[in-house]
Amino acid sequence: MDKTVPPGAALLLDFIRETEVGRSDRASYDVIYANKQNRLKQPLTTMTFGDIVDAQKAWSKNFGSSAAGGYQFMRATLIGLAKEIPSISRTDRFVPDLQDRLGYHLLKRRGYDQFVTGNMTLVEFGKRLAMEWASFPVLVDTQGDCRKVKRGQSYYAGDGLNKALVRPEKVEAVLSTVLATARRPAGSEFRREAHVSPTPTVRPSEPVEHPAVAAQRKAQEDFATGEIVLTPANSSPAKQPASRATRVAALIAASVLGLGAWFASLPCSIFGVFCQ
């Protein structure tokens with residue numbers, strides 16, 4: 001699909017090719033009326049715009065219609081488009097992108113912009129599509145080209161040549177999707193992945209030192225440094241030097257007290273005698 005065609009229109013053009021020629025792939029752009037493209041000397045997409053308009057003079061007689069390309073352009077339609085779009089040249093190749101741009105121009109001619117902006121009803125736009133592409137049905141009973149036609153019939157029913165090739169319910173569903181797509185904010189078709197914060201690594205907590213063991217370790221440190229903490233009454237704590245004998249006595253006392261507290265904390269099921 002040509003990149004100048006907006007998403008909603010591109011969706012509708014794909015559906016039109018599927019309905020008109022039975023496929024929406026690359027080969028759909030080379031189809032002529034009644035799938036007789038194999039009788040041409042070369043594929044449509046290798047021919048120029050001017051070559052096709054000239055050749056269409058004989059196609060109506062030889063093939064039953066001059067309809068050509070993915071959107072089944074009639075000769076009169078191509079001539080009209082050339083007058084409306086100054087950039088078109090007879091030497092332009094009838095490539096898929098050119099056909100897409102021409103198809104989009106036909107959509108706008110039939111009221112696409114009014115439809116997507118809410119200034120034309122789905123039923124009315126559906127009727128206009130049926131007037132442009134004979135394989136599309138009208139969505140309500142209406143006056144057709146030759147006679148009154150019922151919902152689901154081609155606008156050109158009764159001409160002995162055309163009939164609707166798709167059900168009206170399908171057209172309504174596609175047009176609803178086209179409308180929603182056309183009204184979607186630009187860029188919203190690209191979904192942003194939600195930012196997921198990495199799961200924090202749970203680190204094992206630092207082992208908790210038993211109070212008795214801490215007291216013993218502190219006494220050993222004080223002994224090694226030659227200092228013990230003395231807290232005289234009515235004074236701030238201060239570290240003062242102590243004699244070796246005093247340090248030894250303090251270490252022994254701290255060790256005894258520490259071991260006693262440690263044993264007291266053990267479960268009674270092991271040392272029941274301390275739990276009496």
Flag for R75 being under 19 Å from M1 (Cα atoms) and either modelled with pLDDT under 95 or of a type in the set (K, R) (or both): no
Subset of the range 134-155 (residues that are crowded, with 22+ Cβ neighbours inside 10 Å and either of a type in the set (D, E, K, R) or touching a helix residue (DSSP H, G or I) at 6+ places or on another chain (Cβ under 8 Å) (or both)): F136, P137, V138, L139, S154, Y155
Qualifying residue in the range 42-53 (condition: more than 30 Å from S176 (Cα to Cα) and touching a residue at least 60 places away in the same chain (Cβ under 8 Å)): no
Filter result for A10 (outside any loop (DSSP other than H, G, I, E, B) and modelled with pLDDT under 95): no
Flag if Q114 is more than 20 Å from A10 (Cα to Cα) and either surrounded by fewer than 21 Cβ atoms within 10 Å (Cβ to Cβ) or in contact with an Asp or Glu (Cβ under 8 Å, 6 or more places away or on another chain) (or both): no
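The values are calculated or read from the model by the stated rules, or taken from the named source; none is laboratory data. Because the structure is a prediction, the values reported are computed rather than measured. Methodologically, a virtual Cβ is constructed for each residue, glycine included, from the backbone with ideal geometry; neighbour enumeration extends over all protein chains shown.
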